[in-house]
Structure formats: C-alpha cells, structure tokens
Amino acid sequence: MGNKTKPFYNTTIPDEWEIKTLNKFGDFSKGKGILKAELISEGIPCIRYGEIYTTHSYVINEFCSFINEEVAKESKEIKKGDILFAGSGETIEEIGKSVAFIGSEKAYVGGDIIILSTDKNVSAECLSYALETDSARKQKRRLGQGNSVVHIYSKDLLKLRIPLPPLPEQKAIAHALALMDKAINANIQLISQKELRKKWLMQNLLTGKKRLNGFSGVWKEVHLSDMFSERNERNNNGLALLSIGQNGVYPQENSIKKDTSNSDKSKYKKICVGDIGYNTMRMWQGRSALSSLEGIVSPAYTIVTPKENADSLFFAYLFKTPKLINLFWRNSQGLVNDTLNCKFKDFSIVKVFLPPKEGQTAIAQVLQSADKELALLKAKTDKLKEQKKGMMQVLLTGKKRLKIV
C-alpha cells in the first residue's frame, strides 16, 4: 500500500482509492407501498422505511415485519447486497439513512425506500458504513428537500461521491466495523432486558405485590399530606438557579434550554436536598424529580419536603408509576389537559398504599441499584459508539489501513 494521498472534501484519502458516484456502484430502483394494516405476525419478511431509522446497525439481516403472499406480489423484492435508503425523514440530519440487506431469504420493501442493487465489485456492508461518514452525510443534507418532512430522491443519491478501497480491503473494513456493531447491539439488548427488569421491580415492589425478604411490616393506606409538607420559602436570591427535568434536578447553566427566568428572583422557591419538586401543571405527566442539590426554582414548581416517616427516594420512584400519575391527573384542577394544575392541596389528598419507612428505604435501594446498573451499561454503550465512529473515520478515509490476509 502506497503513502501517496489525494484530497477529498476536508480530508485526504489514499491515492489508489477510487472516488465514484453512487450510480457507478449499481442500479437504483424504488420500493412499493406496504400499509401498516397489511402487516401480519408471521409470514414473508419485509422492511418498512421507519425500521431503517430504528436499527442501531448499518446492516439488516433480521426482520420485525411480515406480509402475506398477496401483498408481496404488489411489493418490491430485494436481494442480498442491496443498499436500502430511507427516502424521507423528519429532519435534514437523518435524511437518506441507509442499511445493507445481507440476509439470504426472500424479502420485500415498502414505499419511501430507495434501493441500490450493488454489483460484484463492491462490498455492500462497507458501502453502507461509507454512506454514514461525515462527508457522505454532508452531501445528503445538501440534497434533502422539504421542511416538516424532508425527502431525498434516487436522482440525487446517484450523485453522491464515495471513496472506497479495493474490494479485499472493503471486506476487511466491513468485518472490523461489524464486530463493533455486534458489541453495541449486544449491549443495547442487555439494556432493554435490564429496563424490563426494572419495570417489573417497580410494578411489584412499589405496589406490595412482592415483598423483600426480611420486611414483613404492615402496609397502610395514607394521604400524601401524612408523608409530605410543602416548602414555600422565598427570597433566597443568593442560591443557585436550578431546573427540574424528567430525570433530575440540575443547575440551570447545564440546561440545553434557554434561560427564561426573571431577573427578579425574589418569588422563586427554595428546594433542598431530599425535596421533591414537580411541575404544578405537568404532574399528571410524571414531571417530578428528587433533588440532590440546594437552590431556587421557578414558581411554576411545587416543592414538597418529606416528613420523618417518608423516604423521598422511594416516593421519587412511586410518583413515576402509571397508577400515581393517573391519580395526580384525576386530582388536578382545570377544564382541559393544558390548563390542569396539581397544587399542594390537590397533591396532599392523594391516597397511597405504603410500607413502613425502613421498607420504603429497602425498596428504593433495590431500584437505585437497578438504575446504577443501567447507567453503567448506557455509558459503556455510548463509549463503544464513539469508538466505532472514530474507527469509521480512520478506516474509511485510509488514515488507518488494515492488513489483508
């Protein structure tokens, strides 16, 4: 392999790599519509364009949608090695996402999918990765058309300029990146399993259907006013401004949202460590969070502080359950959802079924452990995705070359 390079967009590639437009890699065709109502639980495999966006890989060899023979006759069959493009999307950033079909069984695609049937001199898997590099994505963004729904057409896609090495190196690159995909997908599946497990734990432990070993205390029905009081302290301008989101309380300066707070914060409410803050008009949507910080928040929030018999972490989980969210909705005041509000007087009369405090704490610790496990898995998966992105950038520009066996 030589060391000479040539320019390509804002980088360089090996001199011996060919730069071709997509129409030089094969022939384009179009999928035919498969309606959602035509899908069945088992039958002939098919791919709809939304599934191209939801896959975490750049290849498809498994299916989640099926049709019968009659629908298949009116649809477009695909072959192993076809590249499938999503012809429409909601944003310009995601337009033209593609995957390589590497399955060997007969399968079909619906409308809004553009098909590139590749020839023998190209690795479809490698090309599918190359189509998601920075240079390819920039080209697709420039070709996308529309506002609320963005479209891209085969007449535009065929103009994409893609550099690729000789076929043996293409196959080696595809293999290396496929191994990264395999590790990422394994983690994603594990995350899904752990999320289901946490959901099961919440459904059973927070309702008393399942009891933890060693905790046999009697559960009692009480009002939330027996467990919380309202914190309504004002005039704390020296404290940090905080925001309350779906998953926690954090400094406003860390928020991606624009700071729309008033310059006069004398009416802003104090929140302390262990308090739960909730959006007064959105409690029926589960907009509440436990605070690990002290600061001030907008008057749009209600702040509740736990009494001695309440473990606030337990209640932070409890307030996210469908049953409690429904109770908050039923007790909120207002004519329509957009005007509903759940002030402390409404919050306080909600009835809950609870174990003694030591039981609350034990349940909260089990759920917190599940959350920590999920957070570690998600962080590991994000790191793998970043590593794969880096690999794509160096392998598909020739900055790093693989040995061909």
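The values are calculated or read from the model by the stated rules, or taken from the named source; none is laboratory data. Because the structure is predicted, anything quoted here is derived from the model rather than measured. Quick reminder, even Gly has a Cβ in these numbers, built from the backbone with ideal geometry, and neighbours come from all protein chains shown.
Quick notes
- Selection within the stretch 52-80 - touching a Phe, Trp or Tyr at 6+ places or on another chain (Cβ under 7 Å) and either of a type in the set (Val, Ile, Thr) or at pLDDT 85 or above (or both): 60, 67, 72, 75, 76, 77, 78, 80
- Any hit, the stretch 307-319, residues being touching a Cys at 6+ places or on another chain (Cβ under 8 Å), assigned by TED's automatic domain parsing to the domain that holds residue 239 and buried (at least 20 other Cβ atoms within 10 Å of the Cβ): no
- Test for residue 127: is it part of a strand (DSSP E or B), of a type outside the set (Val, Ile, Thr) and assigned by TED's automatic domain parsing to the domain that holds residue 61: no
- Candidate set from the stretch 300-357 (those that are assigned to a helix (DSSP H, G or I) and of a type in the set (Ser, Thr, Tyr)); member that is farthest from residue 290 (Cα to Cα): 339
- The strands (runs of 3 or more DSSP E) falling completely within the stretch 75-122 that include 2 or more residues that are over 28 Å from the mean Cα position of the chain (by Cα) and under 16 Å from residue 22 (Cβ atoms) map to 113-118.
- Among the criteria (1) closer than 26 Å to residue 232 by Cα; (2) among the basic types (Lys, Arg); (3) at pLDDT 95 or above; (4) out of contact with any His (no Cβ under 9 Å at 6 or more places or on another chain), the one residue 330 does not fulfil is (3).
- Residue, modelled with the highest pLDDT, within the stretch 250-281, restricted to residues that are charged (D, E, K, R), surrounded by fewer than 20 Cβ atoms within 10 Å (Cβ to Cβ) and not in a strand (DSSP E or B): 267
- Set 78, 44: member being surrounded by 16 or more Cβ atoms within 10 Å (Cβ to Cβ) and closer than 20 Å to residue 153 by Cβ: 78
- Any hit, the stretch 110-131, residues being without any contact (Cβ under 8 Å) to a residue 60 or more places away in the chain and closer than 22 Å to residue 71 by Cβ: no
- Of the residues screened, residue 335 is not one that is surrounded by 15 or more Cβ atoms within 10 Å (Cβ to Cβ), out of contact with any Gly (no Cβ under 7 Å at 6 or more places or on another chain) and either in contact (Cβ under 8 Å) with a residue 60 or more places away in the chain or more than 30 Å from residue 170 (Cβ to Cβ) (or both).
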